[in-house]
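Worksheet: the structure to be examined is printed underneath.
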Amino acid sequence: QHDDIMKNAQMRQDFTANVSHELKTPLMAVQGCAEGIHTGVLEPVEASGVILEENERMSSLIEELLALSKLEAGQIKADFHSSDVRELLYDCMRSTETLAKQKSLRIIPHFDNRPVLVSCDEIQLRRAFTNIITNALRYAEKEIKIECTQENGRAVIRIRDDGKGISPELLPHIFDRFFSTRKGGAGIGLSLAKEIVSLHKGTISASNDGGAVFEISLPLK
């Protein structure tokens, strides 16, 4: 028990350091641009573009933090409707398209021809999928594949990248709160995805098959 407490304290400490780092980096960029505009060294239109971009980055991180703490406290009032998972995944592909293009990566869908219907809170589930897709894009070399099928009476979604895979010692921890595989990463995205999937009575797991594979299984509608 003592070891667990110590480990938890260490993870929280790392988490605080990582979040501070993740917020400090865009803040420094914003400050640099503002000073540049103020002193006339930087061209205002270009500099304000960077400010807006970095501000968006900070807002996203704060939103993720709030969502995670609300989910953990059971304060999220999920709004469930019948939805086709394929449509939600197409939305997520559109929202991550810019990141994929920046990295010259392709996102390839392999979806069932028939609708894959689940009862879900679309906003939450989209957020979970987007976090996993964004994570896959960080490690992919050429492409990521997204599968969506019905198997054994459940909706199954697999998100595969063609990167180096997850090292075996990290595999058991990647959904832990505050655990990050990236130096300075806040470690919120995947733990938030897990909380959202649990909210939908589903399961999520990660394995290696060439690259990393994230598999989500949800009850069909």
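Based on alpha carbons, the Rg and Dmax found for the range 61-143 are 14.4, 39 Å. The GNM of the chain, with springs linking C-alpha atoms under 10 angstrom apart, assigns the highest mean-square fluctuation among M58, M93, M28 to M28.
3J(HN,Hα) along the range 140-148: 5, 9, 10, 7, 10, 10, 10, 9, 9 Hz, from the Karplus curve 6.51 cos²θ - 1.76 cosθ + 1.60 with θ = phi - 60°, whole Hz, x for Gly and Pro. Between I123 and K221, the contour length at 0.36 nm per residue exceeds the Cα-Cα span by 33.5 nm. Pairwise Cα distances in the chain exceed 32 Å in 24 percent of cases. For the range 126-221, GluC sites (Glu not before Pro) are listed when DSSP marks them as loop and at most 13 other Cβ atoms sit within 10 Å of their Cβ; the list is E141, E169.
For K7, a cut-off of 13 angstrom between C-alpha atoms picks up these aspartates and glutamates, skipping any fewer than 8 places away in its own chain: D176. Straight Cα distances below 25 angstrom link K24 to the lysines K70, K103, K183, with same-chain residues fewer than 8 positions distant left out.
Counting only lysines at least 8 places from K101 when in the same chain, those with an alpha carbon closer than 21 Å to its own are K142, K145, K164. The modelled label-to-label distance between T16 and I76, using points 7 Å beyond Cα along the C-beta direction, is 2.6 nm. In the chain, the calculated helix contribution to ellipticity at 222 nm averages -17500 deg cm²/dmol per residue, counting -39,500 (n - 2.57) for every DSSP H run with n ≥ 4.
A Cβ-based charge dipole, computed about the Cα centre of the range 13-109 with Lys and Arg at +1 and Asp and Glu at -1, lands at about 260 debye.
Expressed as a fraction of 2.2 N^0.38 Å, the C-alpha radius of gyration for the range 99-140 is 1.40. Report the FRET efficiency, 1/(1 + (r/R0)^6), for D176 and S95, where r is their Cβ-Cβ distance and R0 is 22 Å, rounded to 0.05. For D176 and S95, the calculated efficiency is 0.30. Surface calculation, 1.4 Å probe, protein heavy atoms: F80 sits at approximately 90 Å² accessible. For the chain, averaging the sequence separation of C-alpha pairs within contact (under 8 Å, six or more residues apart) and dividing by the residue count gives a relative contact order of 20 percent.
The values are calculated or read from the model by the stated rules, or taken from the named source; none is laboratory data. Remember, it's a predicted structure, so these values are computed and weren't measured experimentally. Ideal geometry is used to build each Cβ from the backbone, glycine not excepted, and the neighbour counts take in all protein chains shown. The accessibility values were calculated without ligands, DNA or RNA, using every heavy atom of the protein model including side chains. Shrake-Rupley method; radii C 1.70, N 1.55, O 1.52, S 1.80 Å.
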